[in-house]
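Notes for the one structure printed next.
The values are calculated or read from the model by the stated rules, or taken from the named source; none is laboratory data. Just so we're clear, the structure is a prediction, and the values are computed from it rather than from any experiment. Virtual Cβ from ideal backbone geometry, glycine too; neighbours counted across all protein chains shown.
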Amino acid sequence: MQRDVLIVGFGLAGWALTDALKKQNISFVVFDPLKKSSSRTATGIFNPVVLKRFRSIDSANEIMDHAIPFYRQPKYKDAFHPLPIHRVLTSVSEQNDWAVASDKADLSCYLNPAILNNINSNIHTPFGVGVVEHTGWIDTNKLLTIAHQEIDQQGGFVAESFNYDALEISANTLRYKNWKISHVVFAEGVGVLKNPWFSNLPIVPNKGEWLIISCKGLGLKNTVKSSVFVVPLGNDLYRVGATYAREFENTLPTEKAKTWLITQFEKLTALPFEIMYNGAGLRPTVPDRRPVVGSHAKHTNIWCVNGLGSRGVLWAPYLAVGLVGAFQNPQMISPELHVARF
Ligand SMILES: Cc1cc2nc3c(=O)[nH]c(=O)nc-3n(C[C@H](O)[C@H](O)[C@H](O)COP(=O)(O)OP(=O)(O)OC[C@H]3O[C@@H](n4cnc5c(N)ncnc54)[C@H](O)[C@@H]3O)c2cc1C
C-alpha cells in the first residue's frame, strides 16, 4: 500500500495535518491507538490574548487566520463554539491596564474597551469584566471523533500504536510494514519522549486537571476567566479549569487539584454546585513556550510536530499548513519554531 505521508498520532497536531493534506490532495494514513490524548481532554479555548498580562501572542492575526477556517468547516459545526471571554478584572489598576491594552493596535480588535459592570448578579465581579472578542472554544473530543470517522471510512486510519523498530529508512522512500511512504510525521504529544529520532527534544509533560460542575441558576452565557476558565456547556453544566503541574505522580486526577479548582470557583459564586466529573491530561510543553516542527537532521523525510501544550488549538492548523509547504521547501519553517533550535 502506498501513501505520501504516514502520520503517527491523532491529537490536534495530527488531525490538522490530515485536513491540510486533504486540501492539497496529498494522500496519507494515520496510526493512533485512540487512547486518551491531551487534545481530547483539552478545554479547547482559542484566544490569541495572554489574559494575565494583556498582550497578544506573536503573529496572533496570522495564526487566527489559519485556525478559524479549519474549525469553521460545516462538518465540525457541533464542535465549534464561538464565544466571547469575560475577563474578571481584580483592581482599579487592572481596569487601567485594560483601557491601555484595548487601545493598542494589535489588541484593539480583540479587547473591547468598555468595562462591563453587574453582568450577572450570581458572580462576584466588583471591578467589572473586560470582553475579549473573536474567541471561543472547540469541543476537541467531538471534533476528533468526527474527523476520525471520516478518515476511517476512507480507509486512512489504523487504530494501533506505531512500532518504531518496523520503520525501514532509505533516502527517498520509507517502508513501514506493508506501507510504502514518502514522509513520516510524528505528532505524538508527550509520546515523543519514547521516539528514537526525536527523544532529544525538551518536551516537558505538564499535567492539567479540570472539573465539570453542575450549578443551577448560575446562568453564564459567556466564558468567564478569573483565576480559572469557566466555560458554559449548557444545561447548567460548566467546565472549570485547568491546573498546571510539572511535578506529578501519575496521570490520574488528584484531591489537591480538585480542592484548588473548587476554591477558585467558590471565589466566583456563592451558589451551591455539584461536581459531575474530574478529568486530567498531560500537555506537551516546551521551555521556550513555542511549538517544535521540522525534519530530522539526518533523515530528512522523518518529521515531527510537537510542543502544542499551550494554545494547541490555535497552533495546530498553522503548523500543519507550514509542514505541508515544508515537504516541498524545508526552508519554509521559521527558525524560532524549527526542531533544529534544539
Ligand atoms: C487539561 C488541558 C486543558 C487544555 N486546554 C487548552 C485550551 O483551552 N486551549 C488550547 O489551545 N490548548 C489547551 N490544551 C493543550 C492542547 O490542546 C494539547 O496539549 C494539544 O492539543 C496537544 O496536541 P498534540 O496533538 O500535539 O498531542 P496529543 O493530543 O497528546 O496527541 C498525541 C497523539 O499521539 C498518539 N501517539 C503517541 N505515541 C504514539 C505511537 N507510538 N503510535 C501511535 N500514536 C501515538 C497518542 O495516542 C495521541 O492520540 C489543554 C491541555 C490539557 C491537558
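Which one of Val231, Val286 is over 27 Å from Asn329 (Cα atoms) and β-branched (Val, Ile, Thr)? First the steps, then the outcome.
Details: Val286 fails: over 27 Å from Asn329 (Cα atoms).
Sole residue among the options that is over 27 Å from Asn329 (Cα atoms) and β-branched (Val, Ile, Thr): Val231.
Can you tell me which residue in region 1-51 is nearest to the ligand (Cβ to nearest atom), limited to those that are within 25 Å of Lys180 (Cβ to Cβ) and among the basic types (Lys, Arg)?
The initial filter retains those residues of region 1-51 that are within 25 Å of Lys180 (Cβ to Cβ), namely 1-10, 13-34.
Within this subset, residues satisfying the condition of being among the basic types (Lys, Arg) are 3, 22-23.
Numbers: Arg3: 15, Lys22: 17, Lys23: 19 Å.
Here the answer is Arg3.
Going through region 146-182 one residue at a time, which ones are within 16 Å of the ligand (Cβ to nearest atom) and closer than 23 Å to Val321 by Cβ?
To start, the set of residues in region 146-182 that are within 16 Å of the ligand (Cβ to nearest atom) comprises 146-149, 151-152, 156-167, 174, 176-177, 179, 181.
If the condition is that a residue be within 16 Å of the ligand (Cβ to nearest atom) and closer than 23 Å to Val321 by Cβ, then Ile146, Ala147, His148, Ile151, Gly156, Phe157, Leu174, Ile181 are the ones that fit.
Confirm whether Val231 is part of a helix (DSSP H, G or I) and more than 16 Å from Arg3 (Cα to Cα).
So Val231 does not fit the description; no.
Just a yes or no: is a residue in region 146-161 within 17 Å of Pro317 (Cβ to Cβ) and β-branched (Val, Ile, Thr)?
Yes, there is a match, as at least one residue in region 146-161 is within 17 Å of Pro317 (Cβ to Cβ) and β-branched (Val, Ile, Thr).
Can you pull out the residues in region 306-338 that are away from the ligand (no atom under 14 Å from the Cβ), in a helix (DSSP H, G or I) and either farther than 18 Å from Leu21 by Cα or among the basic types (Lys, Arg) (or both)? Explain how you work it out, then say what you get.
In the first step, residues of region 306-338 are kept if they are away from the ligand (no atom under 14 Å from the Cβ); the result is 321-322, 324-336, 338.
Still in the running and in a helix (DSSP H, G or I): 321-322, 324-328, 330-332.
Listed by number, the list holds a single entry, Gln331.
Could you check how many residues of region 135-162 are touching a residue at least 24 places away in the same chain (Cβ under 8 Å), part of a helix (DSSP H, G or I) and among the polar types (S, T, N, Q)?
Final tally of qualifying residues: 2.
When you go through Ala79, Ala60 one by one, which is the residue that is among the hydrophobic types (A, V, I, L, M, F, W, C) and more than 23 Å from Lys221 (Cβ to Cβ)?
Just one listed residue meets the conditions, Ala60.
Considering each residue of region 102-128, count those that are in a loop (DSSP other than H, G, I, E, B) and small (Gly, Ala, Ser), and give that number.
Selection size over region 102-128: 4.
Name, by its number, the condition in (1) surrounded by fewer than 21 Cβ atoms within 10 Å (Cβ to Cβ); (2) under 30 Å from Ser227 (Cα atoms); (3) among the polar types (S, T, N, Q) that does not hold for Ser39.
The one condition Ser39 does not meet is (1).
Failed condition for Arg289, given (1) within 22 Å of Ser227 (Cα to Cα); (2) over 14 Å from the mean Cα position of the chain (by Cα); (3) not hydrophobic (A, V, I, L, M, F, W, C), with all others met?
Result: Arg289 fails condition (2) only.
Which one of these is without any contact (Cβ under 8 Å) to a residue 60 or more places away in the chain, outside the structural domain of Gly294 (by TED's automatic domain parsing) and over 22 Å from the mean Cα position of the chain (by Cα): Pro272, Pro253?
The match here is Pro272.
Quick check: is even one residue across region 310-322 under 16 Å from Val339 (Cβ atoms) and small (Gly, Ala, Ser)?
Checked region 310-322: at least one residue is under 16 Å from Val339 (Cβ atoms) and small (Gly, Ala, Ser).
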